[in-house]
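**Q** Can you keep this structure in mind? I'll have questions shortly.
The values are calculated or read from the model by the stated rules, or taken from the named source; none is laboratory data. All of these numbers come straight from a predicted model, not from anything done at the bench. Cβ coordinates were reconstructed from backbone atoms using ideal geometry, including for glycine residues, and neighbour counts include every protein chain displayed.
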Amino acid sequence: MKYAYFPGCSLHSMAEEYNMATELVMEDLNVELREIPDWNCCGSTPAHTTSHLLPVALPARNLAIIEKEGLDVVAPCAACYNRFKAANKELNEDDDLKETVNEIIEMDYQANVEVLNLIEVFQNDDVMEILEEKVNVELKNIKPAVYYGCLLTRPPEVTEFDDAENPQSMDQIMEAIGAEPVEWTHKVECCGGSLVMARSEVVLKLSRDILKAAKQAGANCIVTACPLCHANLDMRQEQINKKFGDDFNMPIFYFTQLIGAALGHSKKNLGLKRHFIGSEGLLGSLVG
Amino acid sequence: MTNLSAVKRKNQGFKEKIEAESGQSVTSCYQCGKCTGGCPLSFAMDYAPRQIVRMVQLNMKDRALNNSTIWLCATCSTCTARCPREVDLAAVMDTLRIEARHQGIKPKEKDVALFHDIFLNSVKKSGRVFEMGMTVAYNMKSGNLMQDAELGLPMFVKNKLNLTPDKIKGAKEVKKIFDKVKEIEKVEGGH
């Protein structure tokens, strides 16, 4: 299986560990990812809150490059995924917009590229079969609260992915590698996202609610597929403890990091040491 | 008390404009409040999301464009997913922010707007976001010089900070996209 790969800005900087783990795991599962040459930022939230055209034109340049290569694209970052899907939908519904955007990007994009998030790659029977075959580390007593956040499932008309209120697909992957995901309340709640720069206290409250819900449900870690959720929950956990007098010490994993652990990869290669909240206590001797 | 008849006369066409630009039928909203009930940010907003919709329905342009709510909306789209009248309220919020900018209204949450500008400037410059440069620029311009300074060292130690921007070959093409969009929206926005 072969896909075009759009890592996005975060996976080349703050969330590089998500990229590292994803590349290792995909290789193990015989999924070939070809990084798009010279890709640009999707524009994320700042583009669509500032302009009607920019949030379509920025993804369209990337999608046009991919369309030429005749591949579908995998976007591991929830925000990039969401913006790609939104741009495709708008372009497919409005021929005038398509014409304008093609003029802007000076390319000819017909909006035929299929966009997948990374979880969707696992919805293929072959991939799951290889995964189950290759799992060689039993993730005993790993009880993740599987956190989907906003951008993977909403708006449902845009993403057309899983159930918007109670998604299961990432939980199923966790079960397949031997982890025991908990039932919890905050699967699709918002962490506050990019408001963290301008109104950090608001984001600390929202992220705290998520950590609290996970802890109350008996989880000993949180699993995510979004770099911004990860940054808010991991890097800000100490600020949350300070502000609210909590004592959270909850490791936050990208879901491919746990898969990589189950496949026998080392902490170092999975970038686990890049996290603010250490996972040595939880993973112990399971992971080398 | 607001004299609604006078407001309606003065701002005639505002609701239609927001509906056309967002592609949403604001008229359909029957004010059930489900958007507000599910909104994770409503606790921090000056008006509930439901009230913003009502303001648009009543052509209360000044209030609809000058409040903290439109800037604090994180576009998580919980409202959109749950609306029984199928109004994509997150899209309406986007349109209101864009309209407020076109009208030159000073954003009530100025740092939110500032962050968006700085983020986009970073993309315009190199084609991708340069997180560290963006953060420094934001801290300088917002006046919160030491914001998150305590995160800097651990981020550096954990190799989470790229010290140089990831400039792409097509950076000029990306800049051109920004320029063309600006030109087109200037004409369409009529300002």
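**Q** Output the number of residues of region A:74-98 satisfying the condition of being outside any helix (DSSP H, G or I) and either within 19 Å of the chain's Cα centre (by Cα) or in contact (Cβ under 8 Å) with a residue 40 or more places away in the chain (or both).
**A** Summing the residues that are outside any helix (DSSP H, G or I) and either within 19 Å of the chain's Cα centre (by Cα) or in contact (Cβ under 8 Å) with a residue 40 or more places away in the chain (or both) in region A:74-98 gives 4.
**Q** Is it fair to say A:Leu71 is surrounded by 17 or more Cβ atoms within 10 Å (Cβ to Cβ), in contact (Cβ under 8 Å) with a residue 60 or more places away in the chain, outside any helix (DSSP H, G or I) and over 19 Å from the mean Cα position of the chain (by Cα)?
**A** When the stated conditions are applied, A:Leu71 passes them.
**Q** Oh, and also: Output the number of the condition that A:Leu233 fails; it satisfies all remaining conditions of (1) farther than 26 Å from B:Asn159 by Cβ; (2) in contact (Cβ under 8 Å) with a residue 12 or more places away in the chain.
**A** Here A:Leu233 meets the rest and fails (1).
**Q** Sticking with this one: Could you run through region A:19-45 and say how many residues are surrounded by 22 or more Cβ atoms within 10 Å (Cβ to Cβ), within 12 Å of chain B (Cβ to nearest Cβ) and in contact (Cβ under 8 Å) with a residue 24 or more places away in the chain?
**A** Here the count works out to 7.
**Q** Name every residue in region A:240-288 that is β-branched (Val, Ile, Thr), crowded, with 22+ Cβ neighbours inside 10 Å and assigned to a loop (DSSP other than H, G, I, E, B), in order of residue number.
**A** A:Val287
**Q** Separate question: Does B:Gly127 satisfy the condition of being over 18 Å from the mean Cα position of the chain (by Cα), on the phi > 0 side of the Ramachandran plot and at pLDDT 95 or above?
**A** yes
**Q** A follow-up question, please. Which residue is surrounded by the fewest Cβ atoms within 10 Å (Cβ to Cβ), if the candidates are limited to region A:200-223 and must be under 18 Å from the mean Cα position of the chain (by Cα) and either small (Gly, Ala, Ser) or outside any helix (DSSP H, G or I) (or both)?
**A** Filtering first and then ranking leaves A:Cys221.
One line per residue, one yes/no per condition, for (1) among the β-branched types (Val, Ile, Thr); (2) outside the structural domain of B:Trp71 (by TED's automatic domain parsing); (3) surrounded by fewer than 16 Cβ atoms within 10 Å (Cβ to Cβ):
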| residue | (1), (2), (3) |
| --- | --- |
| B:Ser126 | no, yes, no |
| B:Lys158 | no, yes, no |
| B:Lys167 | no, yes, yes |
| B:Glu173 | no, yes, no |
| B:Ile184 | yes, yes, no |
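**Q** Can you tell me which residues in region A:13-35 are modelled with pLDDT of 95 or more and in a loop (DSSP other than H, G, I, E, B)?
**A** Once the filter is applied, which keeps residues that are modelled with pLDDT of 95 or more and in a loop (DSSP other than H, G, I, E, B), region A:13-35 yields A:Ala15, A:Leu29, A:Asn30, A:Val31.
**Q** Which of the residues that make up region A:46-72 are more than 7 Å from chain B (Cβ to nearest Cβ) and closer than 29 Å to B:Met93 by Cα?
**A** Correct list: A:Pro55, A:Val56, A:Pro59, A:Ala60, A:Asn62, A:Leu63, A:Ala64.
**Q** Which of the numbered conditions does B:Gly143 fail, given that it passes all the others? Conditions: (1) within 8 Å of chain A (Cβ to nearest Cβ); (2) farther than 25 Å from A:His12 by Cα.
**A** (1)
**Q** Taking helices (runs of 4 or more DSSP H) that do not extend beyond region A:141-199, which have at least 3 residues that are out of contact with any helix residue (DSSP H, G or I) (no Cβ under 8 Å at 6 or more places or on another chain) and more than 12 Å from chain B (Cβ to nearest Cβ)?
**A** Correct list: A:169-176.
Let's see how each residue does on (1) closer than 21 Å to A:Val202 by Cβ; (2) crowded, with 16+ Cβ neighbours inside 10 Å; (3) basic (Lys, Arg):
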| position | (1), (2), (3) |
| --- | --- |
| B:Asn11 | no, yes, no |
| B:Glu16 | no, no, no |
| B:Cys73 | yes, yes, no |
| B:Thr95 | no, yes, no |
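**Q** Counting just the residues of region B:124-140 that are farther than 22 Å from A:Glu16 by Cα and free of Cβ contacts under 8 Å to residues at least 12 places away in the same chain, which one comes out nearest to the other protein chains (Cβ to nearest Cβ)?
**A** So the residue we want is B:Asn139.
**Q** For region B:107-121, how many residues are in contact (Cβ under 8 Å) with a residue 40 or more places away in the chain and more than 8 Å from chain A (Cβ to nearest Cβ)?
**A** Total satisfying the criteria: 2.
**Q** Pick out, from region B:118-190, the helices (runs of 4 or more DSSP H) lying fully within it that include 1 or more residues that are under 30 Å from A:Lys243 (Cβ atoms) and of a type in the set (Asp, Glu).
**A** B:131-142, B:149-157
**Q** Please go through (1) more than 17 Å from the chain's Cα centre (by Cα); (2) more than 7 Å from every other protein chain (Cβ to nearest Cβ) for B:Glu99 and return the number of the only condition it doesn't satisfy.
**A** Of (1) more than 17 Å from the chain's Cα centre (by Cα); (2) more than 7 Å from every other protein chain (Cβ to nearest Cβ), only one is false for B:Glu99: (1).
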